[in-house]
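Asks: If you scroll down you'll find the structure; I have some questions about it.
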Amino acid sequence: CTGHSSGERTCPLCSCMETLNTVRPLAENDDRASFDCGRASLNGWFQRNAWRNQMTGVSRTYVLPDPTQPQQIRGYVTLAAGEIRREFLPKGQQRNMPDPMPIVLLGQLAVDVAHQGSGVSKVLLAATFTFAVHVSKTIGSFALVTHPLDDNARAFYQRWGFSTLEPDPQQAMYIR
């Protein structure tokens, strides 16, 4: 998103009032306990595992804090290195590729119920795209891959250009 990276106040891609530079790594003193996206599994993971995974380097969680209360979290996204089997790719993309293929895994993306519909998910996804492109230019990565929890999440990712890896039994979605 050029608006976020150029420091504009409003993003021309998503017309949100947030800027990409407000997305930051999770900090130990962030208020994870009061975060509620409406899904117990995402809330529980964020509250119990996000900080431990951050400290051990298993994954990285990035948050969009409230500008007036920086420890209050509007939304988060978690990324990790991963791989996907070459056979799950469309036939035209398999030739002469390594097996498995390196990817950036978008593990979770969640927005607190108080901020759903306000563009927070768009800002977090724009940040994710930026991070994934950086990784692919730095160490190599075939795609950004996610495993949507339900049809609503699948539709969200599809609107942003993700495609389903049909042969994958988990029906992962990816974007180059």
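Asks: Enumerate the residues in the range 62-101 having an amide nitrogen under 15 Å from the point lying 7 Å beyond the Cα of residue 36 toward its Cβ.
Replies: Under 15 Å, as judged by backbone N against the label point of residue 36, lie 73-74 of the range 62-101.
Asks: Select one label from (i) 51, 35, 31; (ii) 51, 36, 22; (iii) 50, 33, 27: the one whose number is Cα extents along the principal axes in Å as derived from the coordinates shown.
Replies: (i)
Asks: Please compute, over every Cα-Cα pair in the range 108-153, the percentage with a separation greater than 11 angstrom.
Replies: 72
Asks: Hey, can you grab everything whose amide H is under 5 Å from the amide H of residue 108? Only 5+ residues off in sequence or another chain; H modelled, so Pro and N-termini drop out.
Replies: Correct list: 78.
Asks: A follow-up question, please. To the nearest 0.05, what FRET efficiency results for residue 28 and residue 69 with a Förster distance of 22 Å applied to their C-beta separation?
Replies: Result of the calculation: an efficiency of 0.85.
Asks: List the trypsin sites (Lys or Arg not before Pro) within the range 20-120 that fall in a DSSP loop (any state other than H, G, I, E or B) and whose Cβ has at most 16 other Cβ atoms within 10 Å.
Replies: Sites meeting the loop and neighbour criteria: 39, 85, 95.
Asks: Still on this structure, please answer the following. With N residues in the range 75-176, what two-decimal value do you get for its Cα radius of gyration over 2.2 N^0.38 Å?
Replies: 1.08
Asks: Right, something else. Based on a Kirkwood Rh over C-alpha pairs, give the Stokes-Einstein translational diffusion coefficient of the range 49-119 at 37 °C and viscosity 0.692 mPa s in µm²/s.
Replies: Result for D is 226 µm²/s.
Asks: Cut-off 10 angstrom, C-alpha nodes, Gaussian network model of the chain. Which of 47, 108, 93 fluctuates the most?
Replies: Among 47, 108, 93, the largest GNM mean-square fluctuation belongs to 93.
Asks: To continue, here is another question. Among 42, 26, 64, determine the one that fluctuates most according to a GNM of the chain built with springs between C-alpha atoms less than 10 Å apart.
Replies: 42
Read-outs: derived from the displayed coordinates by stated rules, not from any lab. As the structure is a prediction and not an experimental result, all values here were calculated from the model. Here the Cβ is made from the backbone with ideal geometry for all residues, glycine too, and neighbour counts use every protein chain on show.
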